[in-house]
Amino acid sequence: MRVDIITCLPHLLASPLNHFIFQRALKKNLLTLEIHNLRDYTPYKHGKIDDQPYGGDAGMVLMIEPIVNCIRALQQQRNYDQVIYMAPDGKLLNQSLVNSCSLYQNLILLCGHYKGIDERIREHFVTLEISIGDYVLSGGELPAIILLDAMVRVMPGALSDGSSALTDSFQEEGVAPPVYTRPYDYEGIKVPDILLSGNHQAIQKWQEEQALLRTQEKRGTNY
Ligand code: SAH
C-alpha cells in the first residue's frame with residue numbers, strides 16, 4: 001500500500017512514524033509512505049496556506065490552492081483509490097472501516113488544521129471523510145496516524161505474529177478475551193488455572209466464553 005499524507009505540520013508525524021510497527025512495514029515494503037508539506041504547494045508568498053473565513057468567523061481556514069495543487073500533483077503520478085480527509089464530522093472509524101481501507105493500493109490522507117479546510121475541497125476533491133470520534137482535535141495528523149496504525153496492524157506480515165491482529169477485539173463480533181502473563185501468583189491474585197492446563201480445546205472454549213461475557217459487560221447485550 002502507498003499512503004501520501006498532506007499536512008501543514010510534517011514534524012508532528014515524525015515521532016510516531018518511527019515506531020517499530022511502521023518501520024517494519026516500510027522495510028518489508030508493505031507500506032510506502034510520503035509526507036507532503038502543504039507550504040511546498042502554495043502559490044502565495046512566504047508559504048501562506050491559510051486565510052480568514054468569509055463571513056467573519058474567528059480562526060483561520062486552510063486555502064484551496066495549496067491543497068488542490070498537492071492532490072493534483074499526486075494524482076498525475078498514479079491513481080488513488082481514495083482521497084481521505086480526516087474530519088471530526090466524517091464517517092466514524094471502526095475496525096470494519098479500517099479493514100476495508102487496508103485493502104486499498106493508493107491513499108491520500110489529508111490533514112486539516114485551524115478551523116478546517118475550504119469546503120470546496122471537501123465537495124470536489126475529497127472522496128471519503130473519516131473521523132476518529134465525536135470530539136475536536138487541533139489537527140488531522142494524529143487521526144491520520146491512528147488510521148495508519150490500525151491499517152498497518154491488519155496487513156499480513158506487519159506484526160511479528162501474523163495471527164495476532166486477527167484475534168484482537170472487533171475483528172469478529174465482540175471484544176477479545178482477557179490475557180495474562182507471568183508471574184502466576186501476584187500477591188495472591190492468580191491467573192485462571194484453565195490457562196495452565198495445557199488443554200488447548202478447553203482453553204479455546206474458555207477464551208470464547210470470556211470474550212462473549214466481556215462483550216456483554218463492556219458493550220451491552222445488543223452489541
Ligand atoms: N471547525 C471544525 C474543526 C476543525 S479541527 C469543526 O468544528 O468541525 C481542525 C482539523 O483537525 C480538522 O480539519 C481535521 O482535519 C482534524 N480533526 C479534528 N478532530 C478530528 C477528529 N475527531 N477526527 C478526524 N480529524 C479531526
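From the backbone phi of segment 80-88, what are the Karplus-calculated ³J(HN,Hα) couplings (6.51 cos²θ - 1.76 cosθ + 1.60, θ = phi - 60°) in whole Hz, Gly and Pro given as x?
10, 5, 8, 9, 9, 9, 6, 9, x
About its Cα centre, how strong a charge dipole does the chain have in debye, to the nearest 20, once Lys and Arg get +1 and Asp and Glu get -1 at the Cβ?
560 debye
Where is the GNM fluctuation largest for the chain (alpha-carbon springs, 10 angstrom cutoff): Tyr44, Tyr180, Tyr54?
Greatest mean-square fluctuation among the candidates belongs to Tyr180.
What list do you get for Cys70, Cys111 if you sort them by fewest beta carbons within 10 Å?
Cys70, Cys111
Quick check: net charge around Leu166, other residues with Cβ under 14 Å of its Cβ, Lys/Arg +1 and Asp/Glu -1?
Residues near Leu166 contribute -3 overall.
Can you list the residues, at least 5 places off or on another chain, whose amide H is less than 5 Å from the amide H of Ser131, using H built in the peptide plane?
Those qualifying (amide H under 5 Å, at least 5 residues apart or on another chain) are Ala87, Gly90, Lys91, Leu92, Leu93.
Mind checking Rg over Rh on segment 174-219, alpha carbons, Kirkwood formula for Rh?
1.01
Would you kindly derive the ³J(HN,Hα) couplings of segment 59-76 from the backbone phi angles with the Karplus curve 6.51 cos²θ - 1.76 cosθ + 1.60 (θ = phi - 60°), listing them in order in whole Hz, with x for Gly and Pro?
x, 10, 10, 5, 7, 6, 4, x, 5, 6, 4, 5, 4, 5, 4, 5, 5, 6
Pick out, from Ala176, Gln204, Leu148, the residue whose Cα sits farthest towards the positive end of the charge dipole of the chain, with +1 on the Cβ of Lys and Arg and -1 on the Cβ of Asp and Glu.
Checked the options; the winner is Leu148.
Shape of segment 68-163 from its Cα gyration tensor (a ≥ b ≥ c, root eigenvalues): rounded if a/c is under 1.5, otherwise prolate when a/b > b/c, or oblate?
Verdict is oblate for segment 68-163.
Dividing the alpha-carbon radius of gyration of the chain by 2.2 N^0.38 Å (N being the number of residues), what value is obtained?
Rg over 2.2 N^0.38 Å, computed on Cα atoms: 1.26.
For a footprinting-style exposure proxy, rank Phe170, Phe20, Phe125 by other Cβ within 10 Å, fewest first.
Phe20, Phe170, Phe125
Just to be sure I understand: of the beta bridges DSSP finds with both ends in the chain, what percent are antiparallel, rounded to 5?
Restricted to the chain, the bridges split so that about 20 percent are antiparallel.
Quote the relative contact order of segment 174-219 in percent (integer), defining contacts as alpha-carbon pairs under 8 Å separated by 6+ residues.
Relative CO of segment 174-219 lands at 55 percent.
Relative to the longest principal Cα axis of the chain, at what angle does helix 141-153 sit, 0 to 90 degrees, rounded to 10?
40 degrees
Averaging over every viewing direction, what projected area does the convex hull of the Cα atoms of segment 121-206 cover, in nm²?
That works out to 10.0 nm², a quarter of the Cα hull's surface.
Mean separation of Cα pairs under 8 Å and 6+ residues apart, divided by the residue count of the chain: what relative contact order is that in percent?
Worked out over the chain, it gives 21 percent.
In the structure displayed, which of Lys48/Lys115; Lys27/Lys48; Lys190/Lys218; Lys91/Lys218; Lys91/Lys205 lie more than 25 Å apart, Cα to Cα?
Cα-Cα > 25 Å for Lys27/Lys48; Lys91/Lys205; rest within.
Return the whole-Å distance between the Cα centroid of segment 1-56 and the Cα centroid of segment 100-134.
Each part's Cα centre sits 13 Å from the other's.
Bear in mind that the values in this text are calculations on the coordinates, not laboratory data. Small disclaimer: the values here were computed from a predicted structure and weren't measured. Don't worry about glycine lacking a Cβ; one is built from the backbone with ideal geometry, like all the others, and counts go over all protein chains shown.
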